[in-house]
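Values quoted throughout were computed directly from the atomic coordinates according to the rules given, and no laboratory measurement underlies them. Small disclaimer: the values here were computed from a predicted structure and weren't measured. Virtual Cβ from ideal backbone geometry, glycine too; neighbours counted across all protein chains shown.
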Amino acid sequence: MALILGIETSCDETAASVTRDGREVLSNVIYTQIALHEVYGGVVPEIASRKHIDKIIYVIDSAIKEAGIDKTDLDAVAVTYNPGLVGALLVGVSVAKAFAYGINRPLVPVNHIQGHIAANYIAHPELEPPFVCLVASGGHSHILHVKDYHEFEILGATTDDAAGEAFDKVARVLGLGYPGGPKVNALAKDGDPCAIAFPRPRHGFDFSFSGLKTAVINYVHNAEQKGGEINRADVAASFQQAVVDVLVENTVGAAQKAGCKTVCLAGGVAANTALRSALEAAARENGMAMYCPPIELCTDNGAMISCAGYLNFAAGMRADLTLNAEPQLRLE
Ligand code: KG4
Ligand code: ZN
């Protein structure tokens with residue numbers, strides 16, 4: 001039995017969690033900075049780092065207390081070190097080093113993308129690799145062949161904007177505010193997804209959202225210049241449908257090519273209700289099983305890092321006190 005503390009500070013959530021054997025969540029504490037960044041229409045890295053410093057000790061302390069354990073009961077301290085905002089990551093990495101040293105337990109490095117994938121293991125104890133996973137977040141959009149817990153192959157990726165980034169930018173144009181994904185998702189429920197034919201750019205299993213985003217911006221600006229009214233719900237629904245179509249077709253196509261009978265969703269955009277139901281339907285049509293984490297484990301949280309940390313810990317992965325934050329994605 002292993003109790004792992006997971007620490008996550010890669011973007012705008014200060015989060016910590018204790019899990020048992022990587023599948024049972026004993027606590028999952030998240031301090032979200034959304035309100036702080038909302039006024040700027042997006043995450044301001046310097047502000048995020050400073051707020052992490054403010055909150056991280058309190059968040060870790062709460063995670064340990066809520067788990068009903070003593071810090072000396074922990075077997076290891078896991079932390080996100082790659083990828084993310086470097087100043088934000090450094091807060092988690094520095095605190096994790098000090099904490100692991102202080103309680104004399106191993107420090108375990110965790111890749112944030114691996115963490116998003118691991119959120120599926122918490123929700124679905126029966127799930128095991130191999131499977132194909134669409135990881136779509138604010139910073140990354142990848143279709144990965146998860147061959148084993150630590151063996152990943154990139155089958156497709158965005159060539160420009162991440163899916164979440166496109167949601168956030170379209171939300172800004174529609175005057176919905178930050179973070180855009182949940183707001184576009186909510187507004188789209190009142191709109192017609194077939195109202196406007198936005199482009200669906202794909203190249204093999206790669207995809208691109210920059211052109212789609214520009215098409216939405218142009219549509220809104222053209223309508224404004226002509227002094228006409230736009231139906232914002234129709235724009236939200238049609239944009240969302242274009243993103244969902246591309247992501248679902250490519251994920252199912254990549255799974256077929258890889259010979260995988262299981263597809264998974266992960267990352268903040270996996271919280272999108274249209275994406276979840278479309279992938280579920282497409283998987284069913286193609287005789288595949290489909291898994292996704294509950295909505296609260298899709299966006300950044302400490303439990304997914306603790307779970308991935310357990311897998312790394314069990315595989316013997318350790319970091320020493322030279323561990324550094326890495327902003328660019330590295331999957332190994
Ligand atoms: O994984 P995440 O919490 O942070 C990163 O690692 O980037 O993902 C955040 C992204 C944001 O772009 C947000 O707008 C998007 O996920 N998101 C959604 C939804 N909820 C969050 N996008 C579409 N629909 C949603 N319901
Ligand atoms: Zn994330």
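Among Glu165, Glu224, Glu24, which one shows the highest mean-square fluctuation when the chain is modelled as a Gaussian network with alpha-carbon springs under 10 Å? Comparing Glu165, Glu224, Glu24 in the GNM, the peak value goes to Glu224. Here the Karplus curve 6.51 cos²θ - 1.76 cosθ + 1.60, taken at θ = phi - 60°, turns the phi angles of the stretch 114-122 into couplings of 4, x, 4, 4, 5, 4, 5, 5, 5 Hz, with x standing for Gly and Pro. On full extension, the segment bounded by Leu331 and Arg172 gains 54.1 nm, given 0.36 nm per residue less the C-alpha separation. Summing charges over neighbours of Ala35, with a neighbour being any other residue whose Cβ is under 11 Å away from its Cβ, gives -1 when K and R count +1 and D and E count -1.
Computed extension gain for Ala281 through Gln225, at 0.36 nm per residue and net of the alpha carbon distance, reaches 16.2 nm.
Neighbour counts of C-beta atoms inside 10 Å place Thr262, Thr158 in the sequence Thr262, Thr158, starting with the fewest. Gain on full extension, evaluated as 0.36 nm per residue between Thr214 and Met1 minus their Cα-Cα distance, stands at 71.6 nm. Sequentially through the stretch 240-255, phi angles give Karplus couplings (6.51, -1.76, 1.60; θ = phi - 60°) of 4, 5, 5, 4, 4, 4, 5, 5, 5, 4, 5, 5, 5, x, 5, 5 Hz, Gly and Pro residues having no value and appearing as x.
Over what distance in Å are the Cα centres of the stretch 162-207 and the stretch 226-260 separated? So the separation of the two Cα centres works out to 8 Å.
Rounded, prolate or oblate: which one fits the stretch 129-295, using the alpha carbon gyration tensor with axes a ≥ b ≥ c (rounded when a/c is under 1.5, else prolate when a/b beats b/c, else oblate)? Mind dumping the intermediate values first?
On the way: a/c = 2.14, a/b = 2.00, b/c = 1.07.
It is prolate, given that a/c is not under 1.5 and a/b is the larger ratio.
With unit charges on the beta carbons (Lys and Arg positive, Asp and Glu negative) and the dipole taken about the Cα centre of the chain, which residue among Ala166, His150, Pro294 sits farthest to the positive side? Towards the positive end, the residue furthest out is Ala166. When cysteine pairs in the chain are screened for C-beta atoms closer than 4.7 angstrom, the residues that find no partner are Cys11, Cys194, Cys260, Cys292, Cys298, Cys307.
Determine, for each peptide in 92-101, 320-329, the mean count of other beta carbons within 10 angstrom over its residues, then list the peptides with the highest first.
92-101, 320-329
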